[in-house]
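Participant: Mind having a look at this structure? Questions to follow.
The values are calculated or read from the model by the stated rules, or taken from the named source; none is laboratory data. What you see is a predicted model, and the numbers here were worked out from it, not measured in a lab. Positions of Cβ are backbone-derived with ideal geometry, glycine not excepted, and every protein chain shown enters the neighbour counts. Accessible surface areas use protein heavy atoms only, side chains included; no ligands, DNA or RNA. Shrake-Rupley method; radii C 1.70, N 1.55, O 1.52, S 1.80 Å.
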Amino acid sequence: MEEQSDQILQVGGAFCYQTTTEAFDGALAEAWAEAADAAPERIPARAAADQAMGLLTARKKLHQSRRANIIAMLSETALRGFLAEGVAGSLALSERTRNRCRQAARDEVESIATLMESVPIGLQIGLLPTEPAGSFMVLRGRERAHVCTSPFPADLTASPAIGVGTITAADEAVSVHQRVAEAARRNALKGPAAASRLRELLQEAAPR
């Protein structure tokens, strides 16, 4: 769907994967590798982690080549959890790797704050003060729009998990999600105000 999209509208989540930094990918790769090495069936787990990392890398390269417009409204609640647990927060990791993942999350939130202030062409990131009931994306191409919902964040382990992701181009579904997204966008903090709030969250989450 992203290959065919000219605009990506995201509601919810702690980050927009297409705009994440190399530090995020590095911490994620290390976390997935460590978790795979500790799995009962190490070889298949490592292969699954490598495959998932490759797909994420391809996804980011696709965005860098196409430069679809992105409007992302991130969740303050999700960001708090991201700062507390770090990248790949669902995994049981060694203290060293968990600390690296937490630092990567802090660096990522600072990067998001900088993007909020600078507002690069084709990218707008806002902060939702009210937690959305569920995350979703509206992907718009030249001929058709799709709604994608998924309970799986991009940094979830590649091991089996229970949940259902959906993709639909039904007009009614696209229309209602678009209206919700537009309302969320109106209510979201933006620009310097959003960046300032993110830095407050960073300060609150700082080790004491």
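Participant: Determine which member of the set Leu74, Leu62 is out of contact with any Lys or Arg (no Cβ under 9 Å at 6 or more places or on another chain), of a type outside the set (Gly, Ala, Ser), in contact (Cβ under 8 Å) with a residue 12 or more places away in the chain and in a strand (DSSP E or B).
Facilitator: On the way: Leu62 fails: in a strand (DSSP E or B).
Among Leu74, Leu62, only Leu74 is out of contact with any Lys or Arg (no Cβ under 9 Å at 6 or more places or on another chain), of a type outside the set (Gly, Ala, Ser), in contact (Cβ under 8 Å) with a residue 12 or more places away in the chain and in a strand (DSSP E or B).
Participant: Suppose the filter is without any contact (Cβ under 8 Å) to a residue 24 or more places away in the chain and surrounded by 13 or more Cβ atoms within 10 Å (Cβ to Cβ); does Ser150 pass it? First the steps, then the outcome.
Facilitator: Working: without any contact (Cβ under 8 Å) to a residue 24 or more places away in the chain: yes; surrounded by 13 or more Cβ atoms within 10 Å (Cβ to Cβ): yes.
When the stated conditions are applied, Ser150 passes them.
Participant: Taking the stated definitions as given, is Gln10 of a type outside the set (Val, Ile, Thr), open to solvent by less than 30 Å² (accessible area, probe 1.4 Å), part of a strand (DSSP E or B) and touching a strand residue (DSSP E or B) at 6+ places or on another chain (Cβ under 9 Å)? Step through it out loud before you land on a result.
Facilitator: Working: of a type outside the set (Val, Ile, Thr): yes; open to solvent by less than 30 Å² (accessible area, probe 1.4 Å): yes; part of a strand (DSSP E or B): yes; touching a strand residue (DSSP E or B) at 6+ places or on another chain (Cβ under 9 Å): yes.
Yes, satisfied.
Participant: Tally time: how many residues in segment 34-61 are of a type outside the set (D, E, K, R) and touching a helix residue (DSSP H, G or I) at 6+ places or on another chain (Cβ under 6 Å)? So that I can check it myself, show each step before the final result.
Facilitator: At the first step, the residues of segment 34-61 found to be of a type outside the set (D, E, K, R) are 35-36, 38-40, 43-45, 47-49, 51-58.
So of that shortlist, the ones also touching a helix residue (DSSP H, G or I) at 6+ places or on another chain (Cβ under 6 Å) come out as 36, 39, 45, 49, 53.
So the count comes out to 5.
Participant: Hey, another quick one. Looking for whichever is under 18 Å from Leu74 (Cβ atoms) and open to solvent by 60 Å² or more (accessible area, probe 1.4 Å) here; the options are Pro192, Pro120, Pro132. Which one fits?
Facilitator: Working: Pro120 fails: open to solvent by 60 Å² or more (accessible area, probe 1.4 Å); Pro132 fails: open to solvent by 60 Å² or more (accessible area, probe 1.4 Å).
None of the others qualify; the one that does is Pro192.
Participant: If I ask for residues that are touching a helix residue (DSSP H, G or I) at 6+ places or on another chain (Cβ under 9 Å), closer than 27 Å to Ser150 by Cα and part of a helix (DSSP H, G or I), which ones from segment 165-196 would you list?
Facilitator: Across segment 165-196, the qualifying residues are Ala194, Ala195.
Participant: Just to verify a result, which residue in segment 26-43, among those that are open to solvent by 30 Å² or more (accessible area, probe 1.4 Å) and under 11 Å from Ala104 (Cβ atoms), is farthest from the chain's Cα centre (by Cα)?
Facilitator: Per the stated criteria, the residue is Glu30.
Participant: Can you list residue pairs whose Cβ atoms sit under 8 Å apart, with the first residue in segment 84-101 being free of Cβ contacts under 8 Å to residues at least 60 places away in the same chain and open to solvent by 40 Å² or more (accessible area, probe 1.4 Å) and the second being assigned to a loop (DSSP other than H, G, I, E, B) and of a type in the set (A, V, I, L, M, F, W, C)? Count only pairs 6 or more apart in sequence or on different chains.
Facilitator: From segment 84-101, the pairs are Ala92/Ala38.
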